[in-house]
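K.L.:
The structure's right below; bear with me while I get my questions together.
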Amino acid sequence: MKILVADRISPIGVAYLKEQEGFDVVEAYGSSPEKILELASDAVAIIVRSETKVTPEVFAAAPALKAVGRAGVGVDNIDLDAATEHGVVVMNTPGGNTIATAELTFSHMICGARPISQASASMRAGKWGRKDYPGTELRAKTLAILGLGRIGQEVAVRAQAFGMTVIAYDPYLTDARAKNLKVEKVELSEAFEKADYITVHMPITDQTRHMVDESAFAKMKDGVRIFNVARGGIIKESALLEALQSGKVAAAGLDVFEVEPLAVDHPFRTMENVVLTPHLGASTKEAQESVGIEIAELITATLKTGVISNAVNMPSVDARTLEQIRPYITLGGRLASFVQQLAHHSVEELKVTYYGKIIDLDAVPITRAIQRGFLSLISNSVNDVNAPAKFKEMGVAITVTKSSDECDYNELIAIEAYGENRLLASVSGTLLGKGEAPRIVQIDGRDLEVNPANTLLCMQNEDVPGIVGFLGTVMGEEGVNIANMSLAREGEGTAVSVFELDSDPTEAALERIKSHAAVRKVRTVHL
C-alpha cells in the first residue's frame, strides 16, 4: 500500500510508517501540484500539513485513495466535499499542537500588552527609548475567547493565571462546561462589547469567515486588543486595518492571514502596533513531533484495522467501540441490501429501528453501514464515508429510531423501505448464538429464519401442495444445490419461502418458476 507523505512531518512519524509491513512510503516534500497528481494515482493514503492542497483533481486521480491525514488542525487545504464524494476519510490531529498554539497566542497577547518586539527593534537600531514604549497589564482585564475548544481552553487557563476575567463565545459550549472552566458564557455581541482583549480559536467556515468585521469593531471598546492564531479570514483584514488606523484597536497580533504568505507590501508590515508571525502556531519541536507521530498512527490504524479517529468528514470509531458494534455493522449492511433488492422499486424513504441492547450503543456507524449496504448494488464506489451524501443525492430519506419497546430478541434491527406512498418491503434481523451469527428473522412481517449470505431465492406463492417439490425439481434439473430453506405461512392461503442456493439459478429456471400457476412473486437476492 502506497503512503504519500506530501509535506514534511516528524522523521519519527515517517519511520513509524516505514516499519509497517505492506506499506510503501513515498516522501515527496515540496512537489508541484502536477507531481502530486502523478504520485497520488496509486496511493491509498496521503499525509499533508498546510503546504500541499488536496484538490478535487487529486481525489479524481487517486481511485485507490482511502484516507488523507492532516498533521495539524486546520483542513482548509483539503477539499472535504470532494473527499466525501470519493469516499475518502479525512483525519487531523487537533490535540498535538494545542499547547504550542495556546502558548503562541498568549505570547502575542503579552506583546500586545507590552510592546516588546517594537522596543527590541528600537534597541537593535541603537536607540534607548525607555519612555517610548508604555504598556498595560493583563491583570484585571477581560479576555473574550471566541471558540472554546482545546486551544481556547488552554488560553483560558493561562489568562486566569494572569488574573484576567475570561468570557467566551462558543455556540457549542454548555453552561456546565463553562462553569467547570470558570468562564462566563456570552453571546457574540456581548463578547465584543465587554472585552479588553479578544482572541479567536475557530475553524474557517462560511459561518466564521469575516465574523469579526466592521460592525463587530464598532461594538468594541476603544483601545481593544485583538489576536488571531487560528485561521486567516475570521478577522476581516480591511476592517482590522481601519480599526488600527483609527485607534479603535490599540494593538493586534496575527499569525495567520487571508492570503499566505502575506504580501510584501501589505500595510500590516509597516504598522507599529501590529506584531506579525509567519503562521508559527504549531511550530515547536514538541508539537511537530507529536502531530507527525499521531497522524502516522492514525493512518496506520485506519488502513490496517478500520479504526477511524479524529475524522472530520465522518464519525470516528475507537477500537473498543468498533469491536463491540462490528457484528451489528455486518448485520445492518446485509439487511439493507436485502430490503433494497426485495423492494425492487424506487425507494424514497428508509426507516431503521433499533431494539434491545443496540439502543445503548453508538449506532451511527451501524446506520452508515445500513446506508452503504442499501447502495452497494446501485451506486459505484460507495463506503461509510460517502453513503450519507449519496443517499441525499438520490433523494432517499432515512429515519432512525431507538425503541425501548419489548421484542422477541436481545437485539433487533428492523428496516422498512417506502416508496410510491406505500411500504415496499421490510426485513428484521438479529444475532444468534455465541458466534453472533447474523440472521434474518422476519420478512414483510412473516417470521422465518434465514442466513443473510450468498444467493437467496425469495418466493411468495399460494399455499398448495407440491410447490417445494416443484422448486426442488427445477433447481435439480438446473444443477443448482439448495443449501437451506425457510418457510412461513401467511394468511389468506399464501406462503413465503426463502431458499439459500449454492449458485445462481439461470434465467430459464426463474421463468419456469414464475410460470407456475401458484407462484405470485419470485426474486433472487445476492448478499
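The values are calculated or read from the model by the stated rules, or taken from the named source; none is laboratory data. Computed from a predicted structure; not experimentally measured. Backbone-built Cβ (ideal geometry, glycine too); neighbour counts: all protein chains shown. Remember, those area values only see protein heavy atoms, side chains included, never the ligands or the DNA or RNA. Shrake-Rupley method; radii C 1.70, N 1.55, O 1.52, S 1.80 Å.
K.L.:
As a check on your grasp of the helix formula, calculate [θ] at 222 nm for the chain: sum -39500 (n - 2.57) over DSSP H runs of n ≥ 4, divide by the residue count, round to the nearest 500. Let's see the in-between values first.
P.N.:
On the way: 17 runs with 181 residues, N = 527.
That comes out to -10500 deg cm²/dmol.
K.L.:
Give the ranking of 23, 268 by solvent-accessible surface, highest area first, calculated with a 1.4 Å probe. Walk me through the intermediate numbers first.
P.N.:
Values: 23 25, 268 0 Å².
The most accessible residue leads, giving 23, 268.
K.L.:
Another question, if that's okay. For a quick check: with amide H placed at 1.01 Å from N, whose amide H comes under 5 Å from residue 184's, ignoring anything fewer than 5 positions away on the same chain?
P.N.:
166, 167, 168
K.L.:
Among the lysines, which have Cα under 19 Å from the Cα of residue 351 when same-chain residues fewer than 8 positions away are ignored?
P.N.:
390, 392, 402
K.L.:
What number comes out for the charge environment of residue 514, summing +1 per Lys or Arg and -1 per Asp or Glu over other residues with Cβ under 13 Å away?
P.N.:
Details: positive: 512, 520, 521, 523; negative: 507, 511.
With Lys, Arg at +1 and Asp, Glu at -1, the neighbours total +2.
K.L.:
What does the highest-first list of 407-413, 373-379, 176-182 look like by mean Cβ count within 10 Å?
P.N.:
Numbers: 407-413: 17.9, 373-379: 19.9, 176-182: 13.0.
For the peptides 407-413, 373-379, 176-182, the packing ranking is 373-379, 407-413, 176-182.
K.L.:
With an 8 Å cut-off on Cα pairs and a minimum separation of 6 or more residues, tell me the relative contact order of region 66-156 in percent.
P.N.:
28 percent
K.L.:
Over region 364-450, what percent of the accessible surface lies on carbon and sulfur atoms, probe 1.4 Å?
P.N.:
C and S atoms contribute 42 percent here.
K.L.:
Among the GluC sites (Glu not before Pro) in region 201-275, which ones are in a DSSP loop with at most 13 other Cβ atoms within 10 Å of the Cβ? Mind listing them? Don't jump to the answer; show the numbers that get you there.
P.N.:
On the way: sites: 214, 237, 242, 258, 272; in loops: 258, 272.
Taking region 201-275 and a limit of 13 other Cβ atoms within 10 Å, the loop GluC sites (Glu not before Pro) found are 272.
K.L.:
Using a 1.4 angstrom probe on the protein heavy atoms only, could you order 468, 522 from most to least accessible area? If you can, show how the numbers build up before the last one.
P.N.:
Details: 468 65, 522 20 Å².
The residues order as 468, 522, largest area first.
K.L.:
In whole Å, what is the distance between the alpha-carbon centres of region 378-395 and region 330-373?
P.N.:
A separation of 14 Å, based on Cα centres.
K.L.:
Where the accessible area of region 51-121 is counted over protein heavy atoms with a 1.4 Å probe, how much of it, in %, is carbon and sulfur? Could you put the intermediate results ahead of the total?
P.N.:
Details: 1430 of 2560 Å².
Reported share for carbon and sulfur atoms: 56 percent.
K.L.:
I need to check one value: relative contact order of region 213-256, counting alpha carbon pairs closer than 8 Å and at least 6 residues apart, in percent.
P.N.:
Details: 53 pairs, mean separation 23.9, N = 44.
Value for region 213-256: 54 percent.
K.L.:
Quick check: Cα centre of region 116-162 to Cα centre of region 251-288, how many Å?
P.N.:
Using only Cα atoms to place each centre, the spacing works out to 15 Å.
K.L.:
Now for a different question. Counting only protein heavy atoms and using a 1.4 Å probe, what share of the accessible area of region 222-294 belongs to carbon plus sulfur, as a whole percent? Kindly include the intermediate steps, with their values, before the conclusion.
P.N.:
Numbers: 1760 of 3300 Å².
With neighbouring chains kept in place, the figure for region 222-294 is 53 percent.
K.L.:
Does region 26-107 classify as rounded, prolate or oblate by the C-alpha gyration tensor (a ≥ b ≥ c root eigenvalues; a/c under 1.5 gives rounded; else a/b over b/c gives prolate, otherwise oblate)? Provide the component values of the computation, followed by the final result.
P.N.:
Working: a/c = 2.51, a/b = 1.84, b/c = 1.36.
Prolate.
K.L.:
Here is a follow-up. Could you name the lysines whose alpha carbon sits less than 20 Å from that of residue 182, not counting residues in the same chain fewer than 8 places away?
P.N.:
Straight-distance partners of residue 182: 141, 194.
K.L.:
Around residue 349, with a cut-off of 12 angstrom between Cβ atoms, what is the net charge of the other residues, counting Lys and Arg +1 and Asp and Glu -1? Before the final figure, lay out each step's value.
P.N.:
Working: positive: 351, 422; negative: 348, 416, 420.
Surrounding charge for residue 349 is -1.
K.L.:
Moving on. What are the ³J(HN,Hα) values, in whole Hz, obtained from phi via the Karplus relation 6.51 cos²θ - 1.76 cosθ + 1.60 with θ = phi - 60°, for each residue of region 293-307 in sequence order, with x given for Gly and Pro?
P.N.:
Per-residue couplings from phi come out as 5, 5, 5, 5, 5, 5, 4, 4, 4, 5, 6, 9, 10, x, 6 Hz.
K.L.:
Let me ask something else. What is the Cα centroid distance between region 419-472 and region 495-513, reported in whole angstrom?
P.N.:
Cα centres, region 419-472 to region 495-513: 13 Å.
K.L.:
Once you have a ≥ b ≥ c as the square roots of the Cα gyration tensor eigenvalues for region 137-221, tell me rounded if a/c is under 1.5, and otherwise prolate or oblate according to whether a/b is larger than b/c. Walk me through the numbers on the way to the answer.
P.N.:
Values: a/c = 1.75, a/b = 1.20, b/c = 1.45.
Since a/c reaches 1.5 but b/c is at least a/b, the shape of region 137-221 is classed as oblate.
K.L.:
Rounded if a/c is under 1.5, else prolate if a/b beats b/c, else oblate: with a ≥ b ≥ c from the C-alpha gyration tensor eigenvalues square-rooted, which is region 85-206?
P.N.:
Values: a/c = 2.54, a/b = 1.53, b/c = 1.66.
Oblate, because a/c is 1.5 or more while a/b does not exceed b/c.
K.L.:
Give the relative contact order (percent, whole number) for the chain; include only Cα pairs under 8 Å separated by 6+ residues. Please report the intermediate quantities before stating the final value.
P.N.:
Working: 1065 pairs, mean separation 59.6, N = 527.
It rounds to 11 percent for the chain.
K.L.:
Still on this structure: Give me the net charge of residue 221's neighbourhood, meaning all other residues with Cβ under 13 Å from the Cβ of residue 221; Lys, Arg count +1, Asp, Glu -1.
P.N.:
Numbers: positive: 141, 194, 219, 225, 248; negative: 190, 193, 196, 222.
Net charge around residue 221: +1.
K.L.:
Skip the ligands, DNA and RNA, and give the accessible area per residue of the chain with a 1.4 Å probe, whole Å². If you can, show how the numbers build up before the last one.
P.N.:
Details: 25110 Å² over 527 residues.
Solvent-accessible surface per residue comes out at 48 Å².
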